[in-house]
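The values are calculated or read from the model by the stated rules, or taken from the named source; none is laboratory data. All values reported here derive from a predicted model rather than from experimental measurement. Using ideal geometry, Cβ is built from the backbone for each residue, glycine included, and neighbour counts are taken over all protein chains shown. Side chains are part of the model used for accessible areas, which takes the heavy atoms of the whole protein and leaves out ligands, DNA and RNA. Shrake-Rupley method; radii C 1.70, N 1.55, O 1.52, S 1.80 Å.
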Amino acid sequence: MRKVKNIIMKITIAASAIAMPAVALTSCSTSWNTNHIISTFYNAYDMLTALGITPYGQTIANSTLKLNYWPYMNSYVDESKTKFGTFTSSTSEPNLKALASMEIDTLVTNEWDRTNEPTYKKTGFINFIAYTSMADSAAAKYSETAPAGTFEWYDYKEGLFSYRNAFTMLAKDLDKRFLPNTNIIEGQQSAFNSYEERANNIINADKEVMKDLRAQFQASTLKDKYIGIFAGQGGSGSITPVESITAIQDPFIYPEMYGPETSDIGMGAKFPKPNTISETDAIKFADNGGSLAAIKAKDAGTLKNAFGSKFDKIIFIKSPDQLYNDTITLNGQLNQLKDYLKTTPTETTITQDQANKNKTNVKDIVIVEYEDWYPTTWGVLGKKHVVKEMLKVFNLFLENENNTTTKNTATTTTFSYPDNKSWNQYKVDQLQSPNKK
């Protein structure tokens, strides 16, 4: 739990900085609206929305970027129904004054926040707490340890993050207090009888989608390729660009890409084992004091020693920070990626393609946006979004292969998302504040 709490603290520090009015902490919950739900982190906001709920209050996504919510949520948000603020402080403690000002009934937060539950309950104005997760515990992972022979690509034991388990956790808690959304989703024959039923509807459809995509991936020329997702920012939730590349996004938070091909979790992309590093804790994995979000080295040289010449394809997540418009910094970062490719590119300098910002002049390196890849991986709507972004990248890799002069492994096959197997989301006007049982 400590490891994931470290992730959340970093995210919260970046997201905080909105001052809330000072409010006396008085107990008057009997006069407050019982459907006042406050969500503390954006993964919970995503999941509530997928369940058909629009919260009364929501912690902002990122104050530095001045985002109340991440862009992938644009079509699901009605800002007239949700008040955005900061309901945790910069030290990841409850912002009780802000919560009191919202006349809260139910708090939705992450599992790691269970340690604060006594503090919340003592306030006299929080009646119920519902929990979800960002892989805080084994309950929100596909497995604590990998089954023997399933994964050949890591020496550490953290389980793949299961949004499905985290989503079900939240749905079950909400069912203890609220009635489900009674609106009929477009394309559905009837409303759901519980939030857990709605969650299972999404999860079952997602399994069918992943089976389809896994079949596409295993039939493609990417099947046996080692793919790395490198961080152009600080790693675990940071948005600040770095000069030296020292982090690779942990495959555990992208099970849709890296999950075993024998399951309904993911497509089975490969991730390499690192070379042995002699220095104590020179590489921070989730198991040895690092975060679940990123494999982090103490310096660029250490990361190269561990993962140099290991990858066939690289996805580079650039920083969303405004300073990142500096092309010199971007090109400097891209040039460092040469050392991680199995095949050294002939290009002396790696640059971003000006006609297509996702491309570089090297066929094995693609650039993607932070907003599409990091915040999305912790929620339900986000997972659907990031999977579609993965397919775009795979298609770029295939296109790049076809545009080279050596086409011995090239293919004209393209990846497509099976919308007919997916699930329907409530429209904005169908979202509602739930009624207490």
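With label points built 7 Å along Cα→Cβ from the Cα atoms of residue 339 and residue 63, find their separation and express it in nm.
3.7
Could you calculate the FRET efficiency of residue 201 with residue 93 from 1/(1 + (r/R0)^6), where r is the beta carbon distance between them and R0 is 35 Å, rounded to 0.05? Before the final figure, lay out each step's value.
Working: r = 36 Å, r/R0 = 1.03.
Efficiency, from the Cβ-Cβ distance: 0.45.
With a 1.4 Å probe and every protein chain kept in, tell me what percent of the accessible surface of the range 66-132 is carbon plus sulfur.
46
Which of the peptides 307-320, 75-88 is most tightly packed, and how do the rest follow, going by the mean number of other Cβ atoms within 10 Å of each residue?
By packing density, highest mean first, the sequence is 307-320, 75-88.
Under the 0.36 nm per residue contour assumption, what length would be gained going from the current alpha-carbon distance of residue 223 and residue 403 to full extension?
Extending this stretch completely gives an extra 62.9 nm.
Excluding residue 131 itself, what net charge comes from residues whose Cβ is under 12 Å from its Cβ, given Lys and Arg +1 and Asp and Glu -1?
That sum, taken over residues with Cβ under 12 Å, equals -2.
To the nearest 10 square angstrom, what accessible area does residue 39 show with a 1.4 Å probe?
Spelled out: residue 39, probe radius 1.4 Å, area about 0 Å².
Averaging over every viewing direction, what projected area does the convex hull of the Cα atoms of the range 326-375 cover, in nm²?
4.0
Filter the cross-link list 66/296; 384/427; 207/273; 157/273 down to pairs whose alpha-carbon distance in this structure exceeds 21 Å.
66/296; 207/273
Could the peptides 345-357, 382-394, 198-210 be put in order, highest first, of the mean number of other beta-carbon atoms found within 10 Å of their residues? Write down the numbers at each step before the final one.
Values: 345-357: 12.3, 382-394: 20.9, 198-210: 19.2.
Ranked by mean Cβ neighbours within 10 Å, highest first: 382-394, 198-210, 345-357.
7 Å from Cα along Cα→Cβ at both residue 139 and residue 413: what's the point-to-point distance in nm?
The answer from the label model is 4.1 nm.
Can you give the local net charge around residue 425? Use residues other than it whose beta-carbon is closer than 10 angstrom to its beta-carbon, Lys and Arg +1, Asp and Glu -1.
My count for the surroundings of residue 425 gives +1.
Quick one: accessible surface of residue 103, probe radius 1.4 Å, all protein chains present, in square angstrom to the nearest 10.
80
I need the fraction of alpha carbon pairs in the range 243-345 separated by more than 24 Å, rounded to a whole percent.
Tail fraction, whole percent: 29.
Compute the accessible area per residue over the range 102-146, keeping the other protein chains in place, probe 1.4 Å, unit Å².
Value for the range 102-146: 32 Å² per residue.
Taking all protein chains together and a probe of 1.4 Å, list 299, 321 from the most accessible to the least accessible.
Ranked from most to least accessible, the order is 299, 321.
Add +1 for every Lys or Arg and -1 for every Asp or Glu among the other residues with Cβ under 10 Å from the Cβ of residue 166, and state the total. Kindly include the intermediate steps, with their values, before the conclusion.
Working: positive: 141, 164; negative: 111, 136.
With Lys, Arg at +1 and Asp, Glu at -1, the neighbours total 0.
With each pseudo-label sitting 7 Å past Cα toward Cβ, what's the residue 429-residue 184 distance in nm, one decimal?
Here the modelled spin labels are 1.7 nm apart.
For an R0 of 41 angstrom, estimate the FRET efficiency from the Cβ-Cβ distance between residue 437 and residue 287 and round to the nearest 0.05.
Plugging the Cβ-Cβ distance into 1/(1 + (r/R0)^6) gives 0.50.
Round to the nearest 10 and report in Å² the accessible area of residue 343, as given by a 1.4 Å probe over the protein chains' heavy atoms.
Its heavy atoms expose roughly 100 Å² to the probe.
Give the Debye-formula value of log10 I(q)/I(0) at each listed q (0.19, 0.29 Å⁻¹), with one equal scatterer per alpha carbon of the range 181-227, two decimals each.
Computed log10 I(q)/I(0) values: -0.68, -1.04.
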